[in-house]
1. Select from region B:53-62 the residues that are buried (at least 19 other Cβ atoms within 10 Å of the Cβ) and within 14 Å of another protein chain (Cβ to nearest Cβ) and list them in ascending order.
2. In region A:319-328, how many are surrounded by fewer than 17 Cβ atoms within 10 Å (Cβ to Cβ) and more than 7 Å from chain B (Cβ to nearest Cβ)?
3. Being at pLDDT 85 or above, surrounded by fewer than 22 Cβ atoms within 10 Å (Cβ to Cβ) and not in a loop (DSSP other than H, G, I, E, B) is the filter here, so list the residues in region B:186-199 that pass it.
4. Going by the structure shown, is B:SER284 more than 15 Å from B:ALA358 (Cα to Cα), of a type in the set (Ser, Thr, Tyr) and modelled with pLDDT of 80 or more?
5. When the residues of region B:79-97 are filtered to those that are under 18 Å from B:MET177 (Cα atoms) and out of contact with any strand residue (DSSP E or B) (no Cβ under 6 Å at 6 or more places or on another chain), which remaining residue is nearest to the other protein chains (Cβ to nearest Cβ)?
6. From A:LEU39, A:LEU93, grab the single residue that is surrounded by 10 or more Cβ atoms within 10 Å (Cβ to Cβ), more than 30 Å from A:LYS158 (Cα to Cα), of a type in the set (A, V, I, L, M, F, W, C) and modelled with pLDDT of 85 or more.
7. Of the residues in region B:98-108, how many are of a type in the set (Gly, Ala, Ser) and at the interface with chain A (Cβ under 7 Å from one of its Cβ atoms)?
8. Please give the number of the condition A:GLY323 fails out of (1) closer than 30 Å to A:THR200 by Cβ; (2) in a loop (DSSP other than H, G, I, E, B).
Amino acid sequence: MSSETGKILTTDGIPLEVSLKKAERKNKIKAFLLVAPLLLFLLITYIFPIGDMLMRSVDDKMVTEMLPKTFKSMEKWDGNEMPPEEVFEAFYLDFQKLVEEKRDGKLSTQLNYTKNGFKSILKKLRRKAKNFEEGNYKEQIMAVHKRWADVEYWRAIKRRAPAFTSAKYLKGMDMYKNEEGEIVSVEEDRRIHRVLWLRTLEIAFFVTLLCFLMAYPIAHLLATLPMKYSNLLMICVLLPFWTSLLVRTASWMILLQQQGVVNDFFVMIGLVADDNRPEMMYNKTGTYVAMTQILLPFMVLPLYSVMKTISPSLMRAGKSLGGTPFVTFWKVYFPLTIPGIGAGCLLVFILAIGYYITPALVGGASGTLISNQIAFHMKSTLDWSFASAMGLMLLAGVLAIYWVYNKLVGIDNIKLG
Amino acid sequence: MSKNQEFVKFDKVDKSYDGKVLVVKDLNLDIAEGEFITMLGPSGSGKTTCLMMLAGFETPTNGEIFLDKNPISNIPPHKRGIGMVFQNYALFPHMTVYENLAFPLKVRKINKDDIDKKVDKALSMVSLSGFENRMPGQLSGGQQQRVAVARALVFDPQVVLMDEPLGALDKNLRESMQYEIKHIHESIGVTVVYVTHDQSEALTMSNRIAVFNDGKVQQLSSPDKLYEEPVNSFVAEFIGENNTFAGEVTNFQKDQCKVKLSNGSEIIANPISVNSNGDRTTVSLRPERALINTKNKMDNNFKGKIEEIIYHGDHTRVRIDLLGNKEFILKVPNSSANMDIKMGNEINVSWNSHDARALDPK
């Protein structure tokens with residue numbers, strides 16, 4: 001039999017596998033060509049930028065390239081005592097070259113990041129170096145300023161030798177490598193990022209929870225109402241989707257501000273005194289309210305699509321078998337909606353964790369998230385490598401959540417639509 | 001122990017969904033304990049609505065339903081203790097077969113050992129022992145159906161409702177399941193209310209059949225009586241095959257009447273729902289009660305022309321043009337005596353007047 005020989009042949013004597021591949025090749029090429037534009041688009045606009053971000057966030061080549069001879073000569077230096085003459089000579093040569101190319105300003109900025117005090121002594125060195133004599137550079141440089149005779153400053157230079165650094169990531173966690181190379185936290189009053197990370201997680205978590213609590217009944221109603229009502233309700237759910245995000249956020253600003261509609265209403269019904277209007281905007285409350293409303297459809301839709309597939313006869317069966325409505329809901333209906341809950345929660349949480357516009361507009365100082373900090377570094381401080389590092393940390397966090405979800409529930413147990 | 005003849009009682013039950021149309025009109029129905037009763041009717045005839053009212057998923061608009069003499073309209077479904085088998089089985093897809101069967105026992109707080117015993121017993125009853133740990137999705141349609149039956153019976157309900165439970169199965173499986181359900185009913189003696197639109201299913205399985213049409217019970221009787229003695233033309237049409245003649249009663253007597261057909265000929269019929277001369281009527285005659293070229297003496301003898309012959313193996317269906325009715329069907333047994341059936345031949349057709357039932361006009 002053909003199966004015993006291991007190869008099945010077609011009627012023409014060609015091996016079946018070859019024949020099948022040939023027959024399907026055309027279809028495969030066609031299918032690939034159809035997705036090729038999207039693939040290319042994703043590659044250019046998504047994969048490359050992420051790769052570039054990754055490179056940027058760890059890139060520290062600038063100083064490495066500016067002081068090539070210095071770092072080469074420093075390889076043998078253990079960093080305990082003052083470096084030997086050859087390091088000084090190499091540094092002098094590198095520095096002179098930078099001065100000629102007018103790039104010494106950048107060096108001083110970079111070294112100043114590593115240790116304060118470099119700016120002035122480099123300026124002084126530049127002035128004095130014009131009159132340096134050949135040979136014995138160690139003494140000449142050390143004579144320029146007393147800091148040049150301090151081994152700490154040379155160690156600081158050596159720390160910039162590697163072309164890659166984790167400093168930006170550490171900074172994102174309010175940590176840094178101290179002079180001994182240990183990873184330590186910054187002083188308490190300068191820890192801004194950790195607070196932001198925690199707040200981002202907290203807001204994302206509670207927004208997800210609020211969305212879930214509100215979306216579940218709506219989705220259930222949508223799935224069980226007769227068509228003519230459910231269509232209307234569906235439009236109500238989707239209506240916000242058809243409105244610009246900016247317009248929606250702006251309308252929340254109109255509603256929530258101290259002289260806004262909601263406060264006016266509270267004053268009118270006598271809930272609060274006119275001179276004691278609560279602040280509902282430019283703080284966490286504003287962020288919660290606006291983000292929950294904006295992200296609600298992302299929870300409703302996956303839930304709805306799952307609930308739609310649950311046959312009403314299952315609930316009836318549960319009741320006819322003696323389950324009280326609650327038991328039937330909890331043991332029969334709820335477990336069947338878990339794929340939708342998972343999809344909705346994952347979607348909302350991931351969107352919330354990187355949300356930008358809404359917290360920027362209604363968040364104020366206490367309602368902004370890590371994404372606002374990233375934007376700040378992108379636009380204001382122009383420290384793109386730090387922004388990239390934080391962006392990647394956010395991405396890693398999202399992937400971690402995805403991984404945990406996969407472990408707990410199973411990713412094939414997710415249903416987006 | 002005498003069986004309660006009014007174990008389930010529908011008393012003047014009306015049901016309307018929209019306040020304009022009554023889907024169930026003045027339903028009065030008594031179901032005896034241990035009976036297998038089938039509600040049979042075309043779709044939209046109100047039979048499923050009746051079942052849903054009994055199960056508690058719909059409330060009667062008017063009237064009351066009694067279970068063992070207690071009114072149950074205000075009892076929620078989960079307290080009625082009525083088992084139900086659904087059309088699409090309604091097995092819980094996220095639970096194993098064991099968990100599905102254990103569900104009604106767990107909610108009744110029965111201890112684990114008893115649950116195991118009862119589940120075992122129920123599964124062996126539907127010959128599915130050893131399937132405890134399968135998921136419903138891993139079972140075939142017939143197996144799922146049996147699990148659904150076992151689940152509806154496992155908590156020993158007083159009444160089991162079945163809503164077209166075999167509708168999704170193929171023909172062979174359906175027939176074997178019919179016998180299986182019938183045997184289960186016979187062995188445990190539970191009261192079964194069964195809904196179907198398949199008349200052969202109803203005839204095979206039931207003690208009694210309630211034929212529904214237009215929200216009303218048209219006839220409630222045993223399968224053989226329903227087939228042999230339909231009380232109106234709907235039942236005659238709906239159950240089994242039927243030849244009809246429309247006409248006018250001319251010579252009315254108590255046990256016999258003459259019916260004048262539109263082509264002028266007269267036939268002798270059995271008056272069922274006609275009362276006097278001049279009444280319009282539809283005469284109904286089962287195909288197998290009309291014989292060809294018979295030597296038996298019968299009081300209706302006519303000649304007809306063969307229009308169509310359909311071969312069925314054990315019998316042949318012959319469509320003839322008889323007394324102006326071109327759709328008259330005969331069932332001719334396959335025997336050497338009936339070899340002269342050819343297209344276009346004229347044949348003698350005879351039947352007893354007792355079998356030709358003069359019913360209400362259509």
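1. Residues satisfying the conditions are B:MET53, B:LEU54, B:ALA55, B:GLY56.
2. The number of residues fulfilling the criteria is 2.
3. Result: B:GLU186, B:SER187, B:ILE188.
4. Working: more than 15 Å from B:ALA358 (Cα to Cα): no; of a type in the set (Ser, Thr, Tyr): yes; modelled with pLDDT of 80 or more: yes.
So B:SER284 does not fit the description; no.
5. The residue in question is B:ALA90.
6. Working: A:LEU93 fails: more than 30 Å from A:LYS158 (Cα to Cα).
Step by step, each of A:LEU39, A:LEU93 is checked, and only A:LEU39 is surrounded by 10 or more Cβ atoms within 10 Å (Cβ to Cβ), more than 30 Å from A:LYS158 (Cα to Cα), of a type in the set (A, V, I, L, M, F, W, C) and modelled with pLDDT of 85 or more.
7. At the first step, the residues of region B:98-108 found to be of a type in the set (Gly, Ala, Ser) are B:102.
Checking the rest, the ones that are also at the interface with chain A (Cβ under 7 Å from one of its Cβ atoms) come to none.
Of the residues in that region, 0 qualify.
8. (1)
The values are calculated or read from the model by the stated rules, or taken from the named source; none is laboratory data. Bear in mind that the values here come from a model prediction, so they are computed numbers and not experimental data. Positions of Cβ are generated from backbone atoms using ideal geometry, with glycine treated the same way; all protein chains shown enter the neighbour counts.
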